[in-house]
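Let me begin by presenting the structure, written as C-alpha cells, before commenting on it.
Please treat every number below as a calculation from the coordinates, not as lab data. Just so it is clear, the model here is predicted, and its values are computed rather than measured. Please note: Cβ atoms are built from the backbone with ideal geometry, for glycine as well, and neighbour counts cover all protein chains shown.
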Amino acid sequence: MILLGATTERPAAIWEGRTGKMPKVTFIKDGKATTVEFENGKLPYEHHGLPESFLDVAMNFNIPLEHACGGSCACTTCHLYIREGEQHLSEPEDKELDRLDTAWDLRTNSRLGCQAVINGDVVVEFPMYTRNYVQEGGAIQLGKSDSRDEEKKTAEAQP
Ligand code: FES
C-alpha cells in the first residue's frame, strides 16, 4: 500500500467537512489489486478531473487510468465499476449520468473516474474495455478522420 499526504494549495471550500479522513482506494485491473491511501485535503491536485476523484487519486499514485478528455466529463475512458464503498462517493450529477449512457458495458455500479469524488474506503474495478474517444459537442468519430477532408482536397485539386 502506498501512502501520500503531501500538502498542496487547493480551494478551501472544496474541503469543508472532508479534511482529516484517510480513505483507502483499491484499484483492481486484470485481477491485480493496488491499494493506495491519502488524506482528504492533502492530495496534490493537478487538474485530473474533480479534486480527489478516482482519476485525481490514480494520477497522483501513477495508476494508469485512461482519461482521453483530461477529466472534463466528455468521454468514458475513465469508466470504473464500484465494487465496495459506493456510499463513500459523491452523488453523480446529470452530466456524468448522461455521459455514462455512452460507456461500454454500462452497469448499475458504473461511475466515471474523473467525476466520482472519494470520501472513504472504496474498491473499484477497471472494465475490460473502454471507448476511447472524446465528444466535444460534435459528432463522434471512430477510426479514420472525417471523409469530408478527402472530398475537400479532391475538390480543391480540380481546376
Ligand atoms: S476522463 Fe473523460 S469523462 Fe472522465
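Here each label is just a point 7 Å from Cα along the line to Cβ, and for Met22 and Thr35 those points are 1.2 nm apart. When Rg and the Kirkwood Rh are both derived from Cα coordinates, the Rg/Rh ratio for region 19-133 amounts to 0.92. The length gained by stretching the chain between Asn62 and Asp98 to full extension, at 0.36 nm per residue less their Cα-Cα distance, is 10.1 nm.
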